[in-house]
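These notes are about the structure you will find just below.
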Amino acid sequence: MVKIILVYCVLFLLFAASYQASNVVYNVVKLGAKSDGKIDSTEAFTKAWTLACSSTWPAMVYVPQGSFLIKPVVFGGPCKNKILFSIDGTIVAPSNYSGFGNSGFWILFYKVTGITVYGGTIDAKGGSFWACRNAGNNCPPGSRSISFVASSNIMVSGLTSINSQMFHISIDHCHNITLENMKISAPSWSPNTDGIHMQSSTGISITNSMIQTGDDCISIGPGSKNLRIHRIACGPGHGISIGSLALHQNEDGVEDVKVTSVVFMGTQNGVRIKSWGRPSTGYARNVVFENIIMKYVYNPIIIDQNYCPSAKGCPKHSSGVKISGVTYKNIKGTSATQLAMNFVCSSSNPCKGLKLEDIKLTYYKKSAAATSFCKNASGSSKGLVIPPSCL
């Protein structure tokens, strides 16, 4: 892994040098940004982006060391050439959550192609917003820290995101997105602070990252296809989830997902597929969870087609989501509860083609054995499977 990081660093330095040589570098400080973290620098960031986006040569937006306060901003395209958004400092949000408005976004990249975001830290200062939510007050909808919408050929490398109000990174209607060497962090009690959320997107790669949140480390929404998730450390958080699905009756499905080499540490769930109990055109198929370690995870392997987290106003219908072709292979570790594998599927659309291979999940209390449970689920098992398969 060290060698991989060194290679990326060398490539980045060469990449940055080419921009410096062509003099198409827009330093936000030279355009008026202040590095004290108190004076609003949004206008300087917008100027830098506008200049870079209109450049016919590859350009760099450069954020030097220091702390830079920016309010909600849209970096829109299409642009005339590639852009490197290089961050050496920290970008901070207003401490008062009312300064975000109701757009749901803090930093939004919209309709852009060929953008690289490299390095740095973004701090959304979500504490006051979480307090508002946890107190049950009338709060704004909350904002995602960094979002990519209707964009393609994007790379985010070496970015640290902390204290997001809602999702840290959001991907919607995008194609060919690479996220690597990320560090994402929010307290375990912070509500809805998913690390990475995607929907209606294809060709997403997430690798070599550490995610600690109050919700899903990675959540995979409707319309997500051709996803690769590799070498992730998740915890605290709610695990890696496909769903929730069936939020709407007419929605696209999820398919061709491969999750490998993940360590879950003290999470609420490990690998999860969840759907609401209502009619839906959705589906989840061709999914692989492989080479995974569970460390004191409450629900290591779970399918829940009666998802209703608040237990209020639940649909109480049979889920229309069709789940098929899901493989669980080489998954080992400890469960914090006795029920280590739990497959609760739809009565009208039973789960089909579930495959268990080389599973060894033990209950952390040595005095009792781990168990499995199946409802409306069928499939096969191969090799050693502990707890014994119920399929």
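The values are calculated or read from the model by the stated rules, or taken from the named source; none is laboratory data. Bear in mind that the values here come from a model prediction, so they are computed numbers and not experimental data. Reconstructed Cβ throughout: ideal geometry from the backbone, glycine too, with neighbour counts over all protein chains shown. In case anyone asks, the SASA skips ligands and DNA or RNA and just uses the protein heavy atoms, side chains included. Shrake-Rupley method; radii C 1.70, N 1.55, O 1.52, S 1.80 Å.
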remark   = Note on segment 94-118: residues under 22 Å from residue 182 (Cα atoms), open to solvent by 10 Å² or more (accessible area, probe 1.4 Å) and not β-branched (Val, Ile, Thr) are 105, 108, 110, 114, 118
request  = Enumerate the strands (runs of 3 or more DSSP E) found wholly within segment 162-219, keeping only those where 2 or more residues are touching a strand residue (DSSP E or B) at 6+ places or on another chain (Cβ under 6 Å) and of a type in the set (Val, Ile, Thr).
outcome  = 169-172, 175-180, 202-212
ask   = Where residues in segment 356-375 are assigned to a loop (DSSP other than H, G, I, E, B) and hydrophobic (A, V, I, L, M, F, W, C), which of them is farthest from the chain's Cα centre (by Cα)?
value = 368
key: Answer from 227, 245 - the residue that is crowded, with 24+ Cβ neighbours inside 10 Å and under 24 Å from residue 379 (Cα atoms)   = 245
inquiry  = Condition check: surrounded by 24 or more Cβ atoms within 10 Å (Cβ to Cβ), in a strand (DSSP E or B) and either among the β-branched types (Val, Ile, Thr) or modelled with pLDDT of 95 or more (or both). Does residue 154 satisfy that?
reply    = no
key: Hey, residue 14 modelled with pLDDT under 95 and outside any strand (DSSP E or B) or not   = yes
key: Filtered residues of segment 359-371 (kept if closer than 20 Å to residue 291 by Cβ, of a type outside the set (Val, Ile, Thr) and open to solvent by less than 60 Å² (accessible area, probe 1.4 Å))   = 361, 370
task = Kindly establish whether residue 211 is surrounded by 19 or more Cβ atoms within 10 Å (Cβ to Cβ), of a type in the set (A, V, I, L, M) and in contact with a Lys or Arg (Cβ under 9 Å, 6 or more places away or on another chain).
result = yes
ask   = Is it the case that segment 119-136 has a residue that's within 12 Å of the chain's Cα centre (by Cα) and not in a strand (DSSP E or B)?
value = no
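Can you tell me which residue in segment 362-388 is modelled with the highest pLDDT, limited to those that are among the basic types (Lys, Arg) and closer than 18 Å to residue 334 by Cβ?
That would be 365.
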task = Please tell me if residue 144 is farther than 21 Å from residue 79 by Cα, under 16 Å from the mean Cα position of the chain (by Cα) and open to solvent by 50 Å² or more (accessible area, probe 1.4 Å).
result = yes
query = If residue 204 satisfies every condition in (1) free of Cβ contacts under 8 Å to residues at least 40 places away in the same chain; (2) buried (at least 23 other Cβ atoms within 10 Å of the Cβ); (3) closer than 27 Å to residue 130 by Cα but one, which is the exception?
reply = (3)
ask   = Is it the case that residue 259 is buried (at least 20 other Cβ atoms within 10 Å of the Cβ) and either outside any loop (DSSP other than H, G, I, E, B) or at pLDDT below 95 (or both)?
value = yes
key: Matching entry among 378, 389 (being of a type outside the set (A, V, I, L, M), in a loop (DSSP other than H, G, I, E, B) and more than 28 Å from the chain's Cα centre (by Cα))   = 389
Residues of segment 262-290 satisfying the condition of being open to solvent by less than 40 Å² (accessible area, probe 1.4 Å), closer than 20 Å to residue 199 by Cα and of a type in the set (Phe, Trp, Tyr) = 283, 289
Residues of segment 106-118 classified as within 16 Å of the chain's Cα centre (by Cα) and of a type outside the set (A, V, I, L, M, F, W, C), total = 0
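Taking segment 67-107 on its own, how many of its residues are farther than 28 Å from residue 140 by Cβ and free of Cβ contacts under 8 Å to residues at least 60 places away in the same chain?
So the count comes out to 7.
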task = Working only within segment 157-166, note down all residues that are open to solvent by 10 Å² or more (accessible area, probe 1.4 Å) and within 23 Å of residue 89 (Cβ to Cβ).
result = 158, 160, 162, 163
